[in-house]
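The values are calculated or read from the model by the stated rules, or taken from the named source; none is laboratory data. For clarity, every value in this text was computed on a predicted model and none was experimentally measured. Because the Cβ atoms are built from the backbone with ideal geometry, glycine has one as well, and the counts that use them run over all protein chains shown.
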Amino acid sequence: MKKRIRLTSLQILISCGLLLLVSLFVCCLAPKKGKEAPSFRQFCQELFIREMTANAIDLHYSLAHPERFGITEHAVTLPVYEPGSELGASEYPVRLLAALRAYKRESLSREDQYAYACLERILELSADLASHPYYADPLSPTQGMQCELPILLCEYSFRTRQDVEEYLQLLSQTGTYFSSLLTYEREKAAAGLSPSAVSLRKVAEQCDAIVTSEELARGEHFLQTSFSERLLELSASEALSGQELADLTARNDALLTSVLLPAFQDLRAGVLALAEDAPDGPTGLSAYPEGKAYYGTLLAYVTGSSKSPEEVKRLLEEVLDKETKNVRTLLTKYPELSSLPEDGMDDASAILSDLRQKMEGDFPDLPSECLVTVKTVSPSLSPYCAPAFYLTAPVDETDRNVIYVNPASNAHGLDLYVTLAHEGYPGHLYQNAYAGASLLLLENPFPRLLINCGGYVEGWALYVEQKAYDYVASSLSEQGNATAAARVILEKHYRSLQLCLYSLLDLMIHYENAGMEEILQVTSPYGIQDASALTAIYEYVCESPCNYPKYYLGYLEILELRKQAMTAWGADYSDLEFHRFLLDHGPADFQNLPLKFETRD
């Protein structure tokens, strides 16, 4: 899981259906009468600057040195939803698409033509998504801002004293921000698209747990402890006095008590009030009038795949059958695998070093050294975090990176190894560092910096995670332990099978309106029959549409691209060159990536 910080980025903004940028600035990008039209690069830079400056958190996490990108000032604000603005949300991408199409694609450089195609694809899908108002769920129990915003505040880096002041300004706005999300949820409910009572009550429980007066009174809340830690790190370079540290700490404590805590309390009361009139249990998107059409577009948008839902389902069924056969074959050949104990390294830093060594020759070298700090997730934050996550470094400062490991997940041995491959090397950390170096070398990096295709990003991480299983199995085979190596490969196929199965459930629930009985028919052959387990899976999929396909379909698309590369390049193909190709031309959707085969140098 990669923590990609984009609260108001072009694609996340519109895919959520929330027009938080209420001013349609496209008119500012279009040429005035009698004036020379801006170049395509100027157009993209202006778009990039306006996107970045629309939200201070987005800007802070994306750029360490905004002035190098033409950003000299910005408002320190959280994006606030304006009542009724969802109904006009589709105007934004439509007008922006028209402004983009004012440029003749064939007149652009080859690199800009590619960027144009990727940006156009994003905008086309965004316009379609925005034409279905109130289908997004910013307060989802699985991916909602009630959980995400505290994490973003907790990890908000203090590079300068000004960063501390801006953090405190943002913290002071959390009440208004959550209030605006409640406004959206009330409008969503009035449109007949309310989340289920079950989901809303989960959100209320999270509000109760994330911020408590007891923790704040003891000074033990993660937004207090992390604030102190960041201040101490800053004081080493800024030479903050003891009095300044005390004053800043007191201001943070006061805002947490007087603003953030009441904000969560009001949010809790608001969602519980909505739950009284909400439908009882969660359902898929297809249960709603335009839900099937919305899901089809969302699937394309999130995964970057151009396959129809029907094509995706057929592909998943084929892969599920294949992986089932792979598992059965291994268990037949090695019946002792089911009871073989796991073994492996448990030191995260040692694992990352081992992965860096093993990936050599398979992946291109990074242009500069990257420092990695492995941290442990705070106990008060661990219930809301993945087993591990990479905190995306700013694109212009990728030499310092942080990976968080969640001790509550109890990941160890092989599980920890492949998790760190997903998050670190050759996964998100490596991918982000490579992109930061290569994109900034482009003459016009701005359109590519705006694009963040979830299927490309998470598909890559799952792809290299699967390679990590191969690395471990190869080492065991070299040591003469064929049975242990087979066990690792079995785990690899189990992992693929599980994600394939859950992705298939996503299609069935959100596109075909499948209920619990239909889901049971699919899961029971795989031992998932327990009512509580089935309910938990069903509710999670209902509350996070396209989440599993984002990973797994992205991974399958990369495998398909690799086959195309083998055919197109023939004897020139190598995994190293294929990985270089993917990294050099991403992030991108899988409709446009194959086009680069035709122009590969």
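Worth a mention:
- Pairs where the first residue, in the range 369-398, is part of a helix (DSSP H, G or I) and the second is of a type in the set (V, I, T) and crowded, with 20+ Cβ neighbours inside 10 Å, C-beta under 9 Å, 6+ apart: P383/I210; Y384/I151; Y384/I210
- Of all residues in the range 357-368, those being within 20 Å of A435 (Cβ to Cβ), touching a residue at least 12 places away in the same chain (Cβ under 8 Å) and not in a loop (DSSP other than H, G, I, E, B) number 1.
- Residue that is farthest from D396 (Cα to Cα) [pool: residues in the range 438-471 that are of a type in the set (A, V, I, L, M) and at pLDDT below 95]: I451
- Taking each residue of the range 260-277 that is over 13 Å from L181 (Cβ atoms) and looking for partners that are of a type in the set (S, T, N, Q) with beta-carbon atoms closer than 6 Å, six or more apart or interchain, yields L260/T174.
- Tabulated pairs, the range 570-583, first in contact (Cβ under 8 Å) with a residue 24 or more places away in the chain, second not in a loop (DSSP other than H, G, I, E, B), C-beta under 6 angstrom, 6+ apart or interchain: H579/F363; L583/Y434
- Exactly one residue out of A461, A484 is closer than 30 Å to S126 by Cβ and touching an Asp or Glu at 6+ places or on another chain (Cβ under 8 Å), and it is A461.
- Leading residue by the ranking (nearest to the chain's Cα centre (by Cα)) among those in the range 228-248 that are part of a helix (DSSP H, G or I) and touching a residue at least 24 places away in the same chain (Cβ under 8 Å): R230
- The range 433-472, residues that are surrounded by fewer than 22 Cβ atoms within 10 Å (Cβ to Cβ) and acidic (D, E): E443, D470
- N401 polar (S, T, N, Q), under 18 Å from the mean Cα position of the chain (by Cα) and in a strand (DSSP E or B): yes
- Single match in A98, A75, A64 (criterion: hydrophobic (A, V, I, L, M, F, W, C), surrounded by fewer than 15 Cβ atoms within 10 Å (Cβ to Cβ) and part of a loop (DSSP other than H, G, I, E, B)): A75
- Of the criteria (1) surrounded by fewer than 15 Cβ atoms within 10 Å (Cβ to Cβ); (2) among the small types (G, A, S); (3) within 30 Å of P141 (Cα to Cα), which one A350 fails: (3)
- So T160, is it over 21 Å from the mean Cα position of the chain (by Cα), under 30 Å from S378 (Cα atoms) and surrounded by fewer than 22 Cβ atoms within 10 Å (Cβ to Cβ): yes
- One residue stands out among those in the range 494-530 that are among the aromatic types (F, W, Y) and either crowded, with 20+ Cβ neighbours inside 10 Å or in contact with a Phe, Trp or Tyr (Cβ under 9 Å, 6 or more places away or on another chain) (or both): the one that is farthest from S286 (Cα to Cα), which is Y502.
- The range 465-545 holds helices (runs of 4 or more DSSP H) entirely within its bounds, and those carrying 3 or more residues that are touching a residue at least 40 places away in the same chain (Cβ under 8 Å) and not aromatic (F, W, Y) map to 482-511, 531-543.
- Restricting Y390, Y430, Y417, Y404 to those that are more than 22 Å from Q498 (Cα to Cα), buried (at least 23 other Cβ atoms within 10 Å of the Cβ) and touching a helix residue (DSSP H, G or I) at 6+ places or on another chain (Cβ under 6 Å) reduces the list to Y390.
- Residue match in the range 557-578 (condition: touching a Ser or Thr at 6+ places or on another chain (Cβ under 6 Å), surrounded by 15 or more Cβ atoms within 10 Å (Cβ to Cβ) and not in a loop (DSSP other than H, G, I, E, B)): yes
- The combined condition, being in contact (Cβ under 8 Å) with a residue 40 or more places away in the chain and touching a His at 6+ places or on another chain (Cβ under 8 Å), is not fulfilled by E443.
- In the set (1) touching a Pro at 6+ places or on another chain (Cβ under 8 Å); (2) surrounded by fewer than 21 Cβ atoms within 10 Å (Cβ to Cβ); (3) not basic (K, R), S475 fails one condition alone, (1).
- Checklist (1) buried (at least 20 other Cβ atoms within 10 Å of the Cβ); (2) out of contact with any Asp or Glu (no Cβ under 8 Å at 6 or more places or on another chain); (3) part of a loop (DSSP other than H, G, I, E, B); (4) not polar (S, T, N, Q) applied to Y103, failing item: (1)
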